[in-house]
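Dropping a structure here in structure tokens format, bear with me for questions.
The values are calculated or read from the model by the stated rules, or taken from the named source; none is laboratory data. Bear in mind the structure is a predicted one, so any value in this text is a computation, not a measurement. Reconstructed Cβ throughout: ideal geometry from the backbone, glycine too, with neighbour counts over all protein chains shown.
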Amino acid sequence: MEHLAVEALNFVFPNDTHAHWTLMIVIYPYITGVVAGAFIVSALAHVFHVQSLMPVAKFALIFALAWLLFVTAPLLNHLGHPERALSMLFTPNFGGPSMMAGFGYIYMTYSILLIFEILFVFRYEMILLKEKSTGIKKTIYNILTLGTNDKSIEGRKIDRKVAFILAAVGIPLACSLHGYVGFIFGAVKTVEWWFTPLMPIIFLLSASVSGIAGMILFYILIKKFTGKMSEIKTETIKTLVKLLWTFFILDFLFEMIEIAVHAYGGTEGWHHVSSALNGPLSWSFWTMQVEILSIIPFIVLGFLSLKNVSRNTLMILSPIISFMLLAQVLFMRWNVVIGGQIMAKSERGFAVYHPTMFEKEGILVTIIMLVAPIVTLWLLSKIFPLWETKTDKEPLV
């Protein structure tokens, strides 16, 4: 009886009463994932020559850059002394409990690669735009083209070769960028909900889902608000939808496999994980992430992929489902990051975390950081042409 009484206690250690990693650490892998997913679309076009994706190949690069610029913003806001962030890169401790230095190296390398790929992909068009521009805009194009005015066929061939190499190298880097985030969580032995070798795979697949979903949503929205819906290629949307469905099948499958392995194997701490999933996380995990934001998109994406639906149906359903999957991945990040922390180390209780609106890492700051990449995308569109042009289709012979 005494043993049962102790088990019934909702006991939380003093250092478990609040979440140390808050909303900033929820949106940090979310933003990183959108970058990786968007780059995959660009790589499929530039490396694997998927012709139906060529109309959004340039857009994918600029979309990835807009989000890439804010990958570290949540982390810097979370740090008590953000000015010390570079110290981990100059004095890394690879044998310690933190491996964030490795992420820093991958992030810097990928950022440099993406910027150079953009410069080579857009070089010829920026030269043409420079000739038509004046003032500050002309100066910007002059800087981005490094002062060159070479419009020769040989120069354009070199541009395409270099862009091809950079895109090919960028594929494993993009995968590493977000897979490493999952590795950081999956290596935390003290949290049963995180400690699994499937975590890097799940993070990478969900990253692909969020990136492709973001591409579909903003591709259609931008064309809608600029009055150019007729320019949208139906085949491009169909390819993106099929790609999104494929990655989502794998993502959802691995998420469910992870839970099934824990449950069937009766792993240590599973009773606590199951109590969290059926308790504090019941609404955010089972209701929102699984039932509403996973099962419904799964069925609709299958319908859009397997049936020859009309263009209007495709244009209406695909952005709605894409928005739902963006929300699904955000809920997944919440359930992993926050859900793992609310489980007390005593394995008998749960902490409580309720984000407030105006705190340093609160809801308002989170919204600002998620809107900032969208505003940046709009600013970048003033410099870089987002869509495929006639010059892209010109044969270089």
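Identify, by number, the condition in (1) under 28 Å from Ser381 (Cβ atoms); (2) in contact with a strand residue (DSSP E or B) (Cβ under 7 Å, 6 or more places away or on another chain) that Met126 doesn't meet.
(2)
For region 261-283, give me the residue count where each residue is closer than 22 Å to Leu325 by Cβ and either of a type in the set (S, T, N, Q) or assigned to a helix (DSSP H, G or I) (or both). Outline the logic, then answer.
Taking region 261-283 as the starting set, the residues that turn out to be closer than 22 Å to Leu325 by Cβ are 277, 281-283.
Subsequent filtering for residues that are either of a type in the set (S, T, N, Q) or assigned to a helix (DSSP H, G or I) (or both) retains 277, 282-283.
Qualifying residue count, region 261-283: 3.
Regarding region 171-183, can at least one residue be identified that is over 17 Å from Ala36 (Cβ atoms) and touching a residue at least 60 places away in the same chain (Cβ under 8 Å)?
Of region 171-183, the ones over 17 Å from Ala36 (Cβ atoms) are none.
No, every residue in region 171-183 fails to be over 17 Å from Ala36 (Cβ atoms) and touching a residue at least 60 places away in the same chain (Cβ under 8 Å).
Every residue in region 297-319 that is free of Cβ contacts under 8 Å to residues at least 60 places away in the same chain, surrounded by 14 or more Cβ atoms within 10 Å (Cβ to Cβ) and closer than 23 Å to Lys224 by Cβ, please.
Pro297, Val300, Phe303, Val309, Leu317 - these are the residues of region 297-319 that are free of Cβ contacts under 8 Å to residues at least 60 places away in the same chain, surrounded by 14 or more Cβ atoms within 10 Å (Cβ to Cβ) and closer than 23 Å to Lys224 by Cβ.
From the list Ile212, Ile222, pick out the single residue that is under 27 Å from Met332 (Cβ atoms) and either assigned by TED's automatic domain parsing to the domain that holds Met54 or in contact with a Phe, Trp or Tyr (Cβ under 8 Å, 6 or more places away or on another chain) (or both). Outline the logic, then answer.
Working: Ile222 fails: either assigned by TED's automatic domain parsing to the domain that holds Met54 or in contact with a Phe, Trp or Tyr (Cβ under 8 Å, 6 or more places away or on another chain) (or both).
Ile212 is the lone residue from the list that is under 27 Å from Met332 (Cβ atoms) and either assigned by TED's automatic domain parsing to the domain that holds Met54 or in contact with a Phe, Trp or Tyr (Cβ under 8 Å, 6 or more places away or on another chain) (or both).
Which pairs have Cβ atoms under 8 Å, sit 6 or more apart or on different chains, and link a residue in region 126-153 that is within 20 Å of Trp387 (Cβ to Cβ) and outside the structural domain of Leu380 (by TED's automatic domain parsing) to one that is of a type in the set (D, E, K, R) and surrounded by 12 or more Cβ atoms within 10 Å (Cβ to Cβ)?
Within 8 Å, no pair qualifies.
Table: residues versus (1) of a type outside the set (Phe, Trp, Tyr); (2) surrounded by fewer than 17 Cβ atoms within 10 Å (Cβ to Cβ); (3) out of contact with any helix residue (DSSP H, G or I) (no Cβ under 9 Å at 6 or more places or on another chain); (4) not assigned by TED's automatic domain parsing to the domain that holds Phe48.
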residue: Leu177; (1), (2), (3), (4): yes, no, no, no
residue: Phe203; (1), (2), (3), (4): no, no, no, yes
residue: Ser230; (1), (2), (3), (4): yes, yes, no, yes
residue: Leu244; (1), (2), (3), (4): yes, no, no, yes
residue: His272; (1), (2), (3), (4): yes, no, yes, yes
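Give me a count of the residues in region 324-376 that are in a loop (DSSP other than H, G, I, E, B), in contact with a Phe, Trp or Tyr (Cβ under 6 Å, 6 or more places away or on another chain) and of a type in the set (S, T, N, Q).
1
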